[in-house]
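Notes follow once the structure below has been shown.
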Amino acid sequence: MSPALSIYNTATRRKDAFVPRAQGQAGVYVCGPTVYDFIHVGNARTFTVFDLVVRWLRASGLRVKYVRNITDIDDKIIQRATERGEDIHAFTERTTQAFRDDCVRLNLLPPDVEPRATEYVGPMLDLIATLEAKGLAYRGANGDVFFSVRDFPGYGKLSRKNLDDLRAGERVAVETAKRDPLDFVLWKAAKPGEPAWPSAFGGGRPGWHIECSAMSCRELGETFDIHGGGWDLQFPHHENEIAQSEGASGKPFVNVWMHAAFLNMGDEKMSKSLGNVFTAREVLDKLDPVQGGEQLRFLLLRAHYRSELQYTWDLLEEAGTTLRGFYTALREVPPRPAAIDWSNAYSSRFQAAMNDDFDTPVALAVLHDLRGEVNRTRDPALSGLLRALGDTIGFLQQDPERFLKGGITLDVDALVAERATAKQARDFARADAIRQQLDAAGIVLEDKPGGATAWRKK
Ligand code: AMP
Ligand code: ZN
């Protein structure tokens with residue numbers, strides 16, 4: 001029996017045993033994309049990490065409610081839609097659909113609920129009204145409504161920031177409408193040409209942080225199990241979510257805070273503002289259409305989620321090679337499907353790794369060893385185990401034959417058959433020419449004893 005799941009909690013700064021609030025269930029909220037553009041590979045890392053978390057919780061027998069929001073109202077969205085002369089709703093419909101398409105290509109499970117901020121303005125306003133009634137929110141002279149940070153005693157507890165240090169770091173010329181430079185906006189007063197909702201605070205639109213407090217609370221309750229996002233969201237976004245949610249409910253907001261480390265380009269994080277981004281779709285477009293999604297996932301999960309990860313094309317190619325090795329084993333030794341026997345040495349090592357704060361580098365190393373064993377023993381039960389363990393973390397579920405052939409358009413099977421006929425007719429020149437043609441197209445032939453030929457992409 002391997003130890004139960006422990007998760008590194010950003011709030012406690014240590015790995016804690018995971019104890020679901022309700023037995024056998026878990027509520028997970030992940031901050032989703034701001035849909036003003038296509039997601040980049042860095043965003044894809046964070047979403048892939050939480051896809052892994054949800055899959056593993058489910059494989060461990062928990063019933064998970066997985067909520068990942070869409071931020072469909074913010075300054076950048078308004079700016080982009082205005083630049084394009086497009087209606088904001090039509091614009092975010094399109095970008096949200098593009099995000100969903102990318103998620104399918106990345107093999108990400110759809111969340112159980114995908115709340116869109118603009119559909120939760122009512123709950124956001126209720127929350128702001130509660131905060132005002134409790135003396136935690138005030139109306140600024142400019143019509144904006146702010147959260148009063150100094151009135152929430154726990155402010156800074158997640159990011160372990162000290163209010164005085166934070167204030168010292170603030171520029172002097174802050175917005176004068178705020179009482180304290182650290183106060184943050186809950187409701188922005190309407191500006192001409194911008195979308196606005198009517199409210200008791202006057203027409204306006206919600207600030208970013210209030211969205212996630214309202215949507216998570218509505219979908220998962222005032223206290224829930226796991227809240228995730230990228231590393232940069234710890235402060236101020238998640239700190240502000242805690243202030244709003246706990247300020248309003250008086251209850252603990254989240255049991256476990258999880259943050260995925262950055263994907264970097266060189267020494268810097270991949271980020272739109274630094275201009276060093278590859279969108280997920282442009283990377284996938286360069287890869288084989290059948291193999292690419294799983295290949296990118298392999299790259300993203302090869303590092304532990306709390307370690308920074310370098311994005312390079314070489315690492316991506318290496319991920320493809322490793323993955324093809326797995327699929328080759330599955331093709332050579334057709335898996336016998338069976339429920340996972342967790343007492344098996346490989347399964348229990350794999351489970352121990354995943355239960356140790358989702359240690360994918362170790363878990364994938366176990367699969368690698370298991371693949372070696374499959375190749376040695378040619379045991380369909382072990383091959384079945386390899387496939388089943390892969391399934392718990394979102395790998396190895398494609399048909400091996402189809403995967404290895406990839407999405408190429410050349411009629412390889414016909415050429416392979418023609419080559420066999422040529423060889424039989426002792427037309428070795430023709431047979432060699434076909435081999436060269438396939439080689440140029442990135443196809444490797446493997447002649448088997450008995451005359452059969454298998455092929456795969458290089
Ligand atoms: P955004 O749409 O900018 O709110 O980002 C969506 C998610 O991607 C957030 O959880 C971010 O923290 C995360 N993220 C942004 N850049 C990176 C990066 N370079 N590596 C990993 N995660 C990132
Ligand atoms: Zn959020």
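The values are calculated or read from the model by the stated rules, or taken from the named source; none is laboratory data. Predicted model, so just to flag it, every value in this text is computed and none were measured. Positions of Cβ are generated from backbone atoms using ideal geometry, with glycine treated the same way; all protein chains shown enter the neighbour counts. Quick note on the areas: whole protein, heavy atoms, side chains included, nothing else; ligands and nucleic acids left out. Shrake-Rupley method; radii C 1.70, N 1.55, O 1.52, S 1.80 Å.
Per-structure values
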quantity: Residue list for segment 106-147, restricted to those being part of a helix (DSSP H, G or I) and surrounded by fewer than 21 Cβ atoms within 10 Å (Cβ to Cβ); calculated: Thr118, Glu119, Val121, Gly122, Pro123, Asp126, Ala129, Thr130, Glu132, Ala133
quantity: Those residues of segment 10-43 which are away from ligand 2 (no atom under 16 Å from the Cβ), crowded, with 19+ Cβ neighbours inside 10 Å and outside any loop (DSSP other than H, G, I, E, B), in sequence order; calculated: Ala26, His40, Val41, Gly42
quantity: Number of positions in segment 271-281 that are free of Cβ contacts under 8 Å to residues at least 12 places away in the same chain and at negative phi; calculated: 3
quantity: Qualifying residue in segment 47-64 (condition: buried (at least 17 other Cβ atoms within 10 Å of the Cβ) and closer than 28 Å to Lys188 by Cα); calculated: no
quantity: All positions within segment 230-265 that are surrounded by fewer than 20 Cβ atoms within 10 Å (Cβ to Cβ), part of a loop (DSSP other than H, G, I, E, B) and either among the basic types (Lys, Arg) or more than 13 Å from ligand 1 (Cβ to nearest atom) (or both); calculated: Gly250, Lys251, Pro252
quantity: Among the candidates Val374, Val412, residue that is in contact with a Leu (Cβ under 6 Å, 6 or more places away or on another chain) and of a type in the set (Val, Ile, Thr); calculated: Val374
quantity: Neighbours by Cβ (under 7 Å, 6+ apart or cross-chain): first from segment 33-55, at pLDDT below 95; second within 6 Å of ligand 1 (Cβ to nearest atom); calculated: none
quantity: Residue satisfying condition, being of a type in the set (A, V, I, L, M), part of a helix (DSSP H, G or I) and open to solvent by 30 Å² or more (accessible area, probe 1.4 Å), within set Ala422, Ala414, Ala431; calculated: Ala414
quantity: Single residue of segment 198-218 satisfying the filter (more than 16 Å from ligand 1 (Cβ to nearest atom), in contact (Cβ under 8 Å) with a residue 12 or more places away in the chain and more than 16 Å from Glu239 (Cα to Cα)) that is most open to solvent (accessible area, probe 1.4 Å); calculated: Arg218
quantity: Every pair of residues 6+ apart whose Cβ atoms lie under 6 Å, when the first sits in segment 338-364 and is under 24 Å from Arg306 (Cα atoms) while the second is polar (S, T, N, Q) and modelled with pLDDT under 95; calculated: Ser348/Ser2; Gln351/Ser2; Ala352/Ser2; Asn355/Ser2
quantity: Pairs, first touching a residue at least 40 places away in the same chain (Cβ under 8 Å) and over 15 Å from Ser245 (Cα atoms) in segment 135-159, second open to solvent by 10 Å² or more (accessible area, probe 1.4 Å) and of a type in the set (S, T, N, Q), C-beta under 8 Å, six or more apart; calculated: Ser159/Gln234
quantity: Top-ranked residue of segment 36-61 - restricted to ones that are more than 19 Å from Trp342 (Cα to Cα) and among the charged types (D, E, K, R), ranked as nearest to ligand 1 (Cβ to nearest atom); calculated: Arg45
